[in-house]
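Input: a single structure, listed below in structure tokens.
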Amino acid sequence: MEPGSRVRLRADPGRIGIVTGKVRERAGKKAYQVVFPDGASYYRDVHLEKINEIEDDALELLRDGRIFAPQILLHRVLGYP
């Protein structure tokens, strides 16, 4: 994961943050610090999905099952941050 990359949690696609570049390693596994609006946490890369701003549109995300909450879809369709 590159510092400054926008990512979302695979388990909670509405939770979007920025990779800081800080890395912790435990048992040979790397965890990357991600800053969210409510604070920062460390996650392994298997729990993160890099956001591709060009390819991700609301209908694609819904079809692929990467978003599911109506408020998330509404924000994407209407263009709210």
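Throughout, read-outs are computed from the coordinates displayed, never taken from laboratory work. Please read all numbers here as calculations on a predicted model, not as lab measurements. Methodologically, a virtual Cβ is constructed for each residue, glycine included, from the backbone with ideal geometry; neighbour enumeration extends over all protein chains shown.
Taking K and R as +1 and D and E as -1, what net charge do the other residues with C-beta under 9 Å from the C-beta of Met1 add up to?
0
Any idea how far apart Ala11 and Glu60 come out in nm if each label point goes 7 Å out from Cα toward Cβ?
Going by the 7 Å Cα→Cβ label model, 2.7 nm.
Assuming 0.36 nm per residue, please report the length gained on full extension of the stretch Ala27 to Lys50 beyond their Cα-Cα distance.
Net length gain for the segment: 5.9 nm.
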